[in-house]
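Have a look at the structure below before the remarks.
The values are calculated or read from the model by the stated rules, or taken from the named source; none is laboratory data. Worth saying up front: this structure is predicted, and the values here are computed from it rather than measured. Using ideal geometry, Cβ is built from the backbone for each residue, glycine included, and neighbour counts are taken over all protein chains shown. Side chains are part of the model used for accessible areas, which takes the heavy atoms of the whole protein and leaves out ligands, DNA and RNA. Shrake-Rupley method; radii C 1.70, N 1.55, O 1.52, S 1.80 Å.
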Amino acid sequence: MASLLLRLLLALTAATATSAGRLVPYDLLYADGVRAYLAQEWPRAAELLQRSLHSYAGLREARSACRRACRDEVAFAQGPAAPWEAAFFERVLQRADCLQHCLGRRLGGSPSAHRVSHAIQRDFEQREPYNYLQVAFFQLKKLDQAVSAAHTFFVANPQHLQMREDIEKYRRMSGVKADSFRDLEATPLWEAYEAGVQHYNADEYLEAVARLEESLREALSALEECRTLCEGPWEEEEEQEKDEDQEEEKEDMQPGLYEAIAAHYVQVLKCRQQCVIEIATKPGRISATEDFIPSHLDLLQFAYDQGGNKTLAAECAASYLLFYPMDEPMLEKMNQYHTELGKDKAVKARENIQHYVQRSLMEKRLIYYAVEHLGGTFNDPDLWTPDELIPESLKEQQREDQEKQKQETLDMEEREKRGPLPFEGITVTMDSQQMNGTQRVVFDQVLTESECRDLLRLTKAAGGTGDGFRGRRSPHTPHERFEGLTVLKAMQLAQNGDVDWKDAKLLLQASEKSRKIIESYFTPGKKLHFSFTHLVCRTAVEGEQEGRMDLSHPVHADNCLLDPEGNECWREPPAYVYRDYSGILYLNDDFQGGGLFFTELDTVTVTAKVRPKCGRLVAFSSGKENPHGVWAVRSGRRCTVALWYTHSQEHAEQERVKAEELMEKKAAKQDKLDGQLHQGEDHGSSSSQESPMPSDRARSTGRRHKPSSQGTQHPKELRPRDEF
C-alpha cells in the first residue's frame, strides 16, 4: 500500500519522468538502480531506486483513482432499459475506454508499459528496494536516510538476519538519532489501531474510542483501495514455464466468451475477498489479525458503554450482530440497550457496515457457486461466513480433506514408532516433515534430569578454561561469554582432581549414546565416527542486552560455505567438508532465547525452530539442506553438548581416542585397587563402580587405538574450530 509520504514525494518531484507528465515504469527504474548498485555507482543507485519507489506508488495511485472515477462515470444501468447483453457490454466497453484514457492521461503513456513480472512485484511488496537504498545511502554518508531505509525494510522483514545486524550497527554509531529509525511506508491504520487497543487495555475508554474509530475508518478506506486494485489482468495460476507442445495444447483449449469472463470475474471476486487479510496483516507479520472489522465493533461497543454513551454502544452492538447474529452476550447487551434507551428508540447498524456485509455475502455466494459448478477452490478469509452459505457438496469435501489429513498424520506417527532406535524410552518429537526440511529430527528423553545436572556441574567446574575456541571469550558476539570443554580436557581435569571422574565419564557416555541414536536413525549399517565433541555454554553478558539485534551464532552450514546471494553452499575448505551429521544435546532450559532455527539457503527464511530442553537431542545432516543458527541468549546460561560426525575414519576425533585411553587407564587402576582390597579381605565391599552405566565400551575402544600406532596412522594436525 502506497504511503502518504511517498504520495507527497510523488507530487513534489518530477524525477520519475523522462519528459513532462510521463511516468517511467518502476521495473525499468528498479533494474537500472540495481545495476548501478552492483557497479557501486552509489549516487545513481540511490536516485534510481528512489524514483522506482515513487513510480510504484504513482502507478498504484493512478490505477486506483481511475478505477474509482470510471466506476462512477460509467455505472451499470439498473433495469432492462435495453436488451441486457447489449446494454451490459456497452457499459463494459465504455468503462474499458474510460480506464485506458484515464491511465494514459495520468501515466503519460501506454498503460501496458507498466506491466511487470511477479518477481519484481513481490520485491516492491516486500520493500526490497529499501534494502539496496540503505547501502547506497550509507556509502554516500547520508546516515539519516540510510537508517530510515534500513528500518523501513526491517519492519516488513523482521526475520532478515543481515538487516538485524545492520540495524544493530546503526544503533551503535555516533550521530544516529532515535527518530532516524522511522518507517517510510507507515500507514495511519496500525498506529491508530495499536494506540486504541493500548488505551482500551488501560481502561482509557474516551481515548480508545477516538483511536479505534480512526483505525476503523482507515481499515475500510484501505479495503476499498485494495478492492479496486483487484481489477487487474487475468493471472495464470502456477503455469509459468511450459514447452511448445503444452503452449499449443493450451491455445487449443482456450475458454469461450462466457467461460473466460466467468473465470476472470471469479478471480477478481476472490482477490476482493482476500483484501481483508491484506489490511489485517501488519507489515512484518505472517498472520492476519482475526476478525479485524468485527473486532473493532466489539471493542468500540464496550468502550462506548464504559464511557457512558449507550446510543453509540448500541449502534456498534447492532453492527457487530450483522457478522454474528447469534452471539448471546451481544444479544443480551442489545436487550439491555433497548430497555435503557426505550422501546421507541430505533437502534440501527451503521450503514457502511451494512453495505460491507451485504456486498461480502453477495460475493461469497457467487464464488461458492463457481467453485461448486465450475471447479476451483476458495479459502474463505472470514470466520463469520454463515454456514448455510457453503454448499453441502463443498462441506462434504472439507470433511473428507480433514479425515484424509488426520489419517496421514496417524500413518506418519505409526512410521515414526517403527523407527529402529537402539534405546528404550526415547521419543521422536519432530521429524523432517514436521520441521519443513530433510534429514532433521528431534529426540527427547536422551538424558535424565539427574544426568543433565551432573553434566552442568561439569561445565561449572571447568567454566573458566575457555577451552575449544582458542580461548576466545566471545567468538561470535560481544553480548555473550563463551565457555567450552572438549572430552580430552574434561578427562585431564578429572585426572588432576578438578572435576569428578563420574561426570567426565558421563560426557563420554552421553555423546556415545547420541552417536548410536543418530547412526541408527539416519545411517543404519553405516558407521558414524566422532568428528568433534564439545561441551559448551553461552552466557548472556549483563548490561549488554538492551537493543541487541544480533544472533548467538550466525546462520551457517556445518560442511560447506554458505553463499546466500547465489543460493548455494560450497563444499570446499576452509569448511569441514568431511562432516556428515551434526547433533546438539541440550542440558538445560533455564535461560531466555538461545533457540535453534533452520533456514533456507538464503539464510533469511526460517523453516523450523527448536526449543531447548534437558535431554533433547537435535540431529541433522551437515550439508546445504540444513542451514541453521542460534537466537541470541538474552539472559542466563545455555549449555549443550555439540556433536559432529563423519563417515570418514581418517577424520575421526583424535582427542576422543586419547580421552578414552585416559578413561581406560583410570578403569584399570581402579580394577587393580579393587583387587588389592579384596585380597586383604578387610574391605569386602569397595566402591569400584563410578557410574551406573557400564565402562566396558570405553575400555574396548581404548584397546583398538594404542598410542604406538597413533603417530603413524593419524599424524597430529592443527585445525581451526567453528563449533557451537
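Search the structure for amide H atoms under 5 Å from the amide H of Asp563, placed 1.01 Å from N in the peptide plane, and list their residues when 5 or more places away or on another chain.
For Asp563, whose amide H was placed from the backbone, the distant partners under 5 Å are Glu568, Cys569, Trp570.
Could you compute the FRET efficiency for Leu673 and Glu424, with r as their C-beta to C-beta distance and R0 at 25 Å, rounded to 0.05?
The formula returns an efficiency of 0.15 here.
Is the shape of the range 427-660 best called rounded, prolate or oblate, per the rule: a/c under 1.5 gives rounded, else a/b larger than b/c gives prolate, else oblate, with a ≥ b ≥ c the square roots of the Cα gyration tensor eigenvalues?
Since a/c stays below 1.5, the shape of the range 427-660 is classed as rounded.
If r is the Cβ-Cβ distance from Lys282 to Ala96 and R0 is 25 Å, what FRET efficiency results, to the nearest 0.05?
Efficiency, from the Cβ-Cβ distance: 0.10.
Quick check on the range 22-189: what does the Kirkwood estimate of hydrodynamic radius come out to from the alpha carbon pairs, in Å?
So the Kirkwood estimate lands at 18.3 Å.
If you roll a 1.4 Å probe over the range 427-660 with all protein chains in place, what percent of the accessible area is carbon or sulfur?
46 percent
Return, for the Cα atoms of the range 129-219, the radius of gyration and Dmax in Å, separated by a comma.
Radius of gyration, then largest Cα-Cα span, for the range 129-219: 16.4, 48 Å.
Which value, in Å², gives the accessible area per residue of the range 427-660 when a 1.4 Å probe is used on the protein heavy atoms?
Ligands and nucleic acids excluded, the result is 38 Å² per residue.
Could you provide, to the nearest whole Å², the per residue accessible area of the range 22-189 with probe 1.4 Å?
52 Å²
Quantify, in whole percent, the carbon and sulfur part of the accessible surface of the range 22-189 (1.4 Å probe; protein heavy atoms only).
C and S fraction of accessible area: 52 percent.
Each residue of the range 118-131 in turn: what ³J(HN,Hα) in whole Hz from Karplus with 6.51, -1.76, 1.60 and θ = phi - 60°, glycine and Pro shown as x?
5, 5, 5, 4, 5, 4, 6, 5, 9, 6, 4, x, 5, 5
Which whole-Hz couplings ³J(HN,Hα) result when phi for each residue of the range 22-27 is put into the Karplus expression 6.51 cos²θ - 1.76 cosθ + 1.60, θ = phi - 60°, listed in order with x for Gly and Pro?
9, 8, 6, x, 5, 5
For the range 22-189, what is the charge dipole size about the Cα centre, in debye to the nearest 20, if Lys and Arg each add +1 at the Cβ and Asp and Glu each add -1 at the Cβ?
Here the size comes out at about 240 debye.
Scan around Val633 for amide H atoms under 5 Å from its own, H built in the peptide plane at 1.01 Å from N, and keep only partners 5 or more places away or cross-chain.
For Val633, whose amide H was placed from the backbone, the distant partners under 5 Å are Ser552, Gly594.
Hey, what do the phi angles of the range 152-161 turn into as Karplus ³J(HN,Hα) couplings, whole Hz, using 6.51/-1.76/1.60 and θ = phi - 60°, x for Gly and Pro?
So the J values, rounded to whole Hz, are 4, 5, 5, 4, 8, 9, x, 8, 6, 5.
Counting alpha carbon pairs within less than 8 Å and at least 6 residues apart, what relative contact order, in whole percent, applies to the range 427-660?
Computed over the range 427-660, the figure is 27 percent.
Taking amide H positions as placed in the peptide plane 1.01 Å from N, state which residues far from Thr603 in sequence (5 or more) or on other chains have amide H under 5 Å from it.
Under 5 Å from the amide H of Thr603 lies no amide H from a residue far enough along the sequence or on another chain.
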